[in-house]
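Remarks on the structure that follows.
Just so you know, all these numbers are worked out from the coordinates, no wet-lab data involved. None of these values were measured; they are calculated from a predicted model. Cβ atoms come from the backbone with ideal geometry, glycine included; neighbour counts cover every protein chain shown.
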Amino acid sequence: MIPFIPFPVIETKHLILRRMELTDTDDVFEMRSNSGMHKYTDTKPDETRQETRAYIEKMRKGVDENQWIIWAIEHQQSKKVIGSINIWNIDIEKGTAELGYGIIPLYQGKGLMKEALLEVVKYGFEVMNLTALDAYTEENNINSVNLLENCQFKKIHRVDDEGTHNKKIYHMIVYRLKNRMR
């Protein structure tokens, strides 16, 4: 596993993918407290900025310990953190990992997550040398389904998962993208 030091900053046409900082608390709180961000996941909105700071600290610690890598998605024009994207559940022996991502509703449908996702996939395959990346998405999350399919991910199976926060059954579709270079 490669250490994420120095932290890899990725610039795209509209975005800067960079390390999440405590100074991002207000922007990340706006994202994590928005109920629309939790519609298709078994998570609950942050109620306080302290919860958001604890989340940021946990994410930074995981990066420092090479458990995962998570980027804050900063919109270049507004200088605002509008989402996050990560590679986690890394299995060194198999060369696989899982993607996670989210972007605040105001910035959805503009191609920005696709822009970020393609660069993170490239990083996972070219720098981390992964053989495949998986992504789980709730079957009713049409924007996420379309994003993955537009980025050439293929459905590999479905998992039904009972939530712990709201006791809802989530019908998760598992998508996979294989590294064609390996």
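Here are a few things to note about the model shown:
- Candidates 148, 106 - the one that is buried (at least 21 other Cβ atoms within 10 Å of the Cβ), without any contact (Cβ under 8 Å) to a residue 40 or more places away in the chain, out of contact with any Gly (no Cβ under 8 Å at 6 or more places or on another chain) and not basic (Lys, Arg): 148
- Filtered residue count, the range 12-29, keeping only those that are under 18 Å from the mean Cα position of the chain (by Cα) and under 17 Å from residue 103 (Cβ atoms): 11
- In the range 151-181, of all residues being in contact with a strand residue (DSSP E or B) (Cβ under 9 Å, 6 or more places away or on another chain) and assigned to a loop (DSSP other than H, G, I, E, B), the one that is surrounded by the most Cβ atoms within 10 Å (Cβ to Cβ) corresponds to 153.
- Single condition residue 88 does not satisfy, out of (1) closer than 21 Å to residue 41 by Cα; (2) among the hydrophobic types (A, V, I, L, M, F, W, C); (3) crowded, with 20+ Cβ neighbours inside 10 Å; (4) without any contact (Cβ under 8 Å) to a residue 60 or more places away in the chain: (3)
- Scanning the range 118-127 for residues that are crowded, with 19+ Cβ neighbours inside 10 Å and not β-branched (Val, Ile, Thr) gives 124, 125.
- For the range 6-22, the count of residues that are among the hydroxyl-bearing types (Ser, Thr, Tyr) and without any contact (Cβ under 8 Å) to a residue 24 or more places away in the chain is zero.
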